[in-house]
1. Given Cβ point charges of +1 (Lys, Arg) and -1 (Asp, Glu) and nothing else, what value in debye, to the nearest 20, does the dipole of the stretch 314-389 about its Cα centre take?
2. Can you give the net charge of the other residues whose Cβ lies under 10 Å from the Cβ of ILE110, counting K and R as +1 and D and E as -1?
3. Leaving out ligands and nucleic acids, note down the accessible area per residue over the chain with a 1.4 angstrom probe, in whole Å².
4. Relative to the Cα centre, what is the charge dipole magnitude of the chain, using +1 at the beta carbon of each Lys and Arg, -1 at the beta carbon of each Asp and Glu, and rounding to the nearest 20 debye?
5. What list of ³J(HN,Hα) values in whole Hz, one per residue of the stretch 259-270 in order, does the Karplus curve 6.51 cos²θ - 1.76 cosθ + 1.60 (θ = phi - 60°) give from phi, with Gly and Pro shown as x?
6. Which residue, ILE143, ASN47, TYR65, has the largest displacement toward the positive end of the dipole of the chain when charges sit on each Cβ (Lys, Arg +1; Asp, Glu -1)?
7. Averaged over all directions, how much area does the convex hull of the C-alpha atoms of the stretch 151-265 cover when projected, in nm²?
8. Work out the length of the dipole vector of the stretch 257-414 about its Cα centre, built from +1 on the beta-carbon of each Lys and Arg and -1 on the beta-carbon of each Asp and Glu, and round it to the nearest 20 debye.
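The values are calculated or read from the model by the stated rules, or taken from the named source; none is laboratory data. No experiment lies behind these values; they were computed from the predicted model shown. Positions of Cβ are backbone-derived with ideal geometry, glycine not excepted, and every protein chain shown enters the neighbour counts. The accessibility values were calculated without ligands, DNA or RNA, using every heavy atom of the protein model including side chains. Shrake-Rupley method; radii C 1.70, N 1.55, O 1.52, S 1.80 Å.
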Amino acid sequence: MLDDNGLDPYLFGRPIAFIYSAQESSMTVQSTRALEVQDPVIPIVANLARENAGTISLGQGVVHYRPPQAVFDAVSRCAAEPSLDRYGPVLGEVSLLEKLRGKLFHENGIDLGRADASVVCTAGGNMAFFNAVLAIANPGDEIILLAPYYFNHRMAIELAGCRTVVVQTDQDCQPDLELIRQAITPKTRAIVTVSPNNPTGVVYSESMLRAINAVCADRDLFHIADEAYEYFVYDQPHFSVGSVDGADSHTISLYSLSKSYALAGWRLGYMVVPNQLLDALRKIQDTDLICPPQICQVAASAALDAGKAWCIKRIDGLPAVRDIALDSLSSLRDRCQIATPGGAFYLFLRLQSDRSDMDIVRQLITRYRVAVLPGSAFGAQGCTLRVSYGALEQATVAEGMGRLQRGLTEILTD
């Protein structure tokens, strides 16, 4: 949801009101690890946006369409069911888990009838990741993220008392297998991949994902594969590394209905995990959630009945929007490198500038009324920006990109 200025109030994935209350308090009440993951840039960007009415947000990581009508119909039919008022199974309702098993088999090539793995429902993909970290790692253990990374992954790792080891990708935002190998230590517990990628929009090749998974198998590590954007692929088929023979013992695959079915606010995700982790996950999920919300599972079940075809029909227009965005920035090619976005709905800009990315974000909001995210929030080096084109209609994207192009042209030549 956008605020009155058209900006995402969760611009960096954290509630602005919470940040204010934490920083304005004179009493030190937060744990050190909670304080260390807070990013002071969040309230600065939010304040700037509020002070500059009419700002177009190219920062929000959601889709422009609404959920299937079947979701609302199903929720209306079931709203009075007494069972929805009670606790459900810790790992999800049997009927929903069965639908997910079918989806995983037919769409992802993951046969849970043969694999030593199971599917678990969570309250969104972020909870799936956090619970996975809690299940596999002890305080002080290390987890490898490929930068630019999804910032909530780093937050989860550090809130769990673990250490993030950041491995930079190449200029095309693709993984460097040798750098990954070099980053592994005796404390490493997992390597995380996000493909299609947030924040870059790149898609990792099947061969690279297989190679990373093989490294995990060889080094007795877990491969956490985030596939939240699995339907948002434009130039090649999506590949699920959990389908690889033998991967079930060390692969944790994460999925979400937030993007594909526009169910971000309903908070329903799921994960495929090795059976050896089920006891740990039952303890963790019974503690932090008790059970996935019953009404949200009804919504998820109805969305799955609408199916992948429903999603693809709405996603089909995104490549054209991506091309509009790329064309808008084509005049900046000598000063702005953009990783080839083969999926998701993001552009990641590497700017030839000595300025900080936050300084440029500030100028774009105050002078040009367009908001983007600084790449430093995603662990990127240098002056970088993330641009999202998924939340807006074509006309608004075109206007926003026009403002961005004008702003960057002037800022980079000042």
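1. The calculated dipole for the stretch 314-389 is roughly 180 debye.
2. Local charge sum for ILE110: 0.
3. Averaged over the residues of the chain, the accessible area is 42 Å².
4. Value, rounded to 20: 360 debye.
5. After applying 6.51 cos²θ - 1.76 cosθ + 1.60, I find 8, 4, 9, 6, 9, 3, x, 7, 6, 9, x, 7 Hz.
6. ASN47
7. 7.8 nm²
8. 80 debye
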